[in-house]
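Please read the structure below before turning to the comments.
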Amino acid sequence: MNFIRQVYAIVAKDIAAELHTREMVSAMLVFAVLAMFIFSFALDLRGAMARAAAPGVLWATVTFAGTLGLSRSLAREQQSGCIDGLMLAPVDRSAIYFGKAIGNLIFMGVVEIVLLPLFSALFNVSLLRPGVLLVMALGTVGYGAVGTLLAAIAVNTRAREVMLPVLLLPLAIPALIAAVQATAGLVDGGTLADVGGWTQLLVAYDLVIVAVSMLTFGYVVEE
Amino acid sequence: MRKPGPDWLGIILAGLSAVAVLAALGMVFLYAPREVTMGDVQRIFYFHVACAWVGFFAFFVTFVAGIGYLARGERRWDILALSSVEIGLTFITMAVVTGSLWARPVWGAYWTWEPRLTISAVQLLIYVAYGMLRTAIESPERKARFAAVYGIVAFVTVPLSWFAIRWWRTIHPDILTGGEGMAMTPRMVQTLLTSIAAFTLLYVTLLRQRVRLERAADALARLRLRAENEKGI
């Protein structure tokens with residue numbers, strides 16, 4: 001119970017900070033919309049081609065916008081010295097990890113909730129379906145979980161913001177493939193059972209990544 | 001200070017590797033039969049598979065060394081991890097290059113997103129990132145710690161990547177590669193196993209030398225520090 005209270009306190013702190021500045025969500029959102037436009041122009045997406053490309057463009061957009069928010073989230077801790085305070089506080093290291101990860105997931109989720117109707121309109125596909133929402137949630141959990149761990153590593157390097165995508169994207173490839181395929185299957189009129197293999201792979205990715213990140217996060221933040 | 005004698009084990013290992021690699025070469029070109037459909041081009045396969053195997057094995061060693069470092073915090077585990085990554089990168093690069101060279105005459109394109117080739121390329125990217133991470137951190141202790149964590153997280157994604165890439169290829173059947181696999185005769189299997197054994201031996205030899213080099217660099221750094229301190233007094 002105590003553990004949940006500690007996690008909750010960290011999440012609440014991040015949400016309060018975000019409500020004051022609104023810098024993370026707004027940056028991710030504006031970037032995501034820009035990326036969506038860039039993809040449309042670059043690939044000349046219209047009609048049937050836009051529909052076919054929508055799942056891939058959606059996930060590429062979420063992936064790139066995600067790196068932006070993740071690196072900001074941990075950089076903010078670092079700059080304000082907040083992470084030192086957290087380390088001094090009598091809380092479990094894994095509580096800090098879950099607090100940060102859940103906070104990041106909430107921010108990415110907010111961005112996705114705005115993005116999905118926009119995508120549906122621009123690409124003329126219906127993404128606002130329970131199946132797609134489930135796949136979005138599963139993909140985002142895995143991506144955000146490994147992203148939070150790697151962002152904590154990246155902020156302590158010389159290259160900082162540049163380092164996170166280099167570290168994160170190759171490790172996110174399995175989740176990205178599974179999420180795109182599952183979303184595409186659902187957009188093509190399949191049911192959740194039709195894309196069961198992909199969603200199972202996403203669940204496996206989430207479980208493995210969350211477990212490993214939880215176990216190793218303590219080693220990243222210790223000084 | 002004791003003057004180090006000749007490194008007999010290193011010399012023996014190097015000699016054995018040389019003999020094994022030459023034997024593998026001989027078997028690849030003289031002993032293994034000519035493949036019926038692909039012809040002599042197929043002979044690159046024996047080196048290609050051996051390189052890929054050494055690459056993945058080397059990254060596995062880095063994974064284990066990462067766990068060792070986090071558990072014990074000893075410098076030698078970090079030396080093992082970084083040495084193994086460097087050698088693994090060399091071999092996985094060779095695997096990707098030989099794979100494309102093989103694909104070109106057989107399938108008509110350098111790159112076909114064949115699952116095994118694709119996952120090798122993904123591993124190449126991951127461990128290039130590992131190398132960049134190491135160079136971007138000043139403090140040796142923090143460098144070792146972060147690298148250990150990344151080496152562990154990176155390796156656990158290998159099976160997930162494998163399933164994802166494999167399924168991704170099966171739902172988009174590749175007309176170029178068509179039917180999977182080729183029939184291997186006993187001579188081919190023997191040649192392949194010899195080649196894998198030879199490259200593994202070469203890996204052990206190189207790993208040992210790389211570890212020694214890093215230890216020597218550490219010893220030199222310590223001596224420099226001592227010399228500077230004595231000058232200061």
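The values are calculated or read from the model by the stated rules, or taken from the named source; none is laboratory data. A quick note: this is a predicted structure, and the numbers were derived from the prediction, not measured. Glycine also receives a Cβ, built like all others from the backbone with ideal geometry; neighbour counts cover every protein chain displayed. Remember, those area values only see protein heavy atoms, side chains included, never the ligands or the DNA or RNA. Shrake-Rupley method; radii C 1.70, N 1.55, O 1.52, S 1.80 Å.
Each other residue within a Cβ distance under 14 Å of residue B:54 adds +1 if Lys or Arg and -1 if Asp or Glu, for a net charge of 0. A cut-off under 13 angstrom between Cβ atoms defines the neighbours of residue A:179, and their net charge, with Lys, Arg +1 and Asp, Glu -1, is -2. The angle between the Cα long axis of helix A:47-80 and the main principal axis of chain A comes to about 10°, on a 0 to 90 degree scale. Estimated at the nearest 10 Å², the accessible area of residue B:120 is 10 Å² with a 1.4 Å probe.
A Cβ-based charge dipole, computed about the Cα centre of chain B with Lys and Arg at +1 and Asp and Glu at -1, lands at about 680 debye.
Taking a ≥ b ≥ c as the square roots of the eigenvalues of the Cα gyration tensor, chain B is classed as oblate, since a/c reaches at least 1.5 and a/b does not exceed b/c. Using alpha carbons only, how many degrees (0 to 90, rounded to 10) separate the axis of helix A:23-43 from the longest principal axis of chain A? Compared with the principal axis, the helix lies near 30 degrees. The convex hull of the Cα atoms of segment A:1-118, projected and averaged over all directions, covers 8.2 nm². Stokes-Einstein at 37 °C, 0.692 mPa s, Kirkwood radius from Cα pairs: D for chain A in µm² s⁻¹? Approximately 183 µm²/s, per Stokes-Einstein.
Across the alpha-carbon set of the protein assembly as shown, the Rg to Rh ratio works out to 1.02, Rh being the Kirkwood radius.
What number comes out for the charge environment of residue B:70, summing +1 per Lys or Arg and -1 per Asp or Glu over other residues with Cβ under 14 Å away?
Working: positive: A:93, B:72, B:75, B:76, B:142, B:143, B:145; negative: A:222, B:74, B:78, B:141.
Summing Lys and Arg as +1 and Asp and Glu as -1 gives +3.
Peptide A:163-175 shows a mean partner chain C-beta count of 6 within 10 Å per residue C-beta.
Highest mean packing first, where packing is the average number of other Cβ atoms within 10 Å per residue, the peptides B:82-93, B:23-34 line up as B:82-93, B:23-34. The angle between the Cα long axis of helix B:115-135 and the main principal axis of chain B comes to about 20°, on a 0 to 90 degree scale. Calculate the length of the line joining the C-alpha centroid of segment A:110-149 to that of segment A:1-55, in whole Å. That distance is 9 Å.
I need the shape label for segment B:83-214. Rule: rounded when a/c is under 1.5, else prolate if a/b > b/c, else oblate, with a, b, c from the alpha carbon gyration tensor.
Working: a/c = 2.51, a/b = 1.50, b/c = 1.67.
It comes out oblate by the Cα gyration axes.
Each of B:67, B:90, B:51 was placed along the dipole of segment B:23-100 (beta-carbon charges, centred on the mean Cα), and the one lying farthest toward the positive end is B:67. Only helices enter the 222 nm calculation for the protein assembly as shown: every DSSP H run of n ≥ 4 contributes -39,500 (n - 2.57), and dividing by all residues gives -29000 deg cm²/dmol, rounded to 500.
Placing +1 at every Lys and Arg Cβ and -1 at every Asp and Glu Cβ, with all other atoms neutral, what dipole size does the protein assembly as shown have around its Cα centre, in debye to the nearest 20? Intermediate values should be presented prior to the final figure.
Working: 36 positive and 29 negative charges, 214 e Å.
Value, rounded to 20: 1020 debye.
Comparing Cα centroids, segment B:211-230 and segment B:125-171 end up 30 angstrom apart. Per the accessible-area calculation with a 1.4 Å probe, the total area buried between chain B and chain A rounds to 2800 Å².
Taking 0.36 nm per residue of separation and subtracting the Cα-Cα distance, what length does fully extending residue B:229 through residue B:25 add? Kindly include the intermediate steps, with their values, before the conclusion.
Working: separation 204, 0.36 × 204 = 73.44 nm, distance 5.29 nm.
Gain on extension, residue B:229 to residue B:25, equals 68.1 nm.
Counting Cβ atoms of other protein chains within 10 Å of each residue's Cβ and taking the mean over peptide B:63-76 gives 1.
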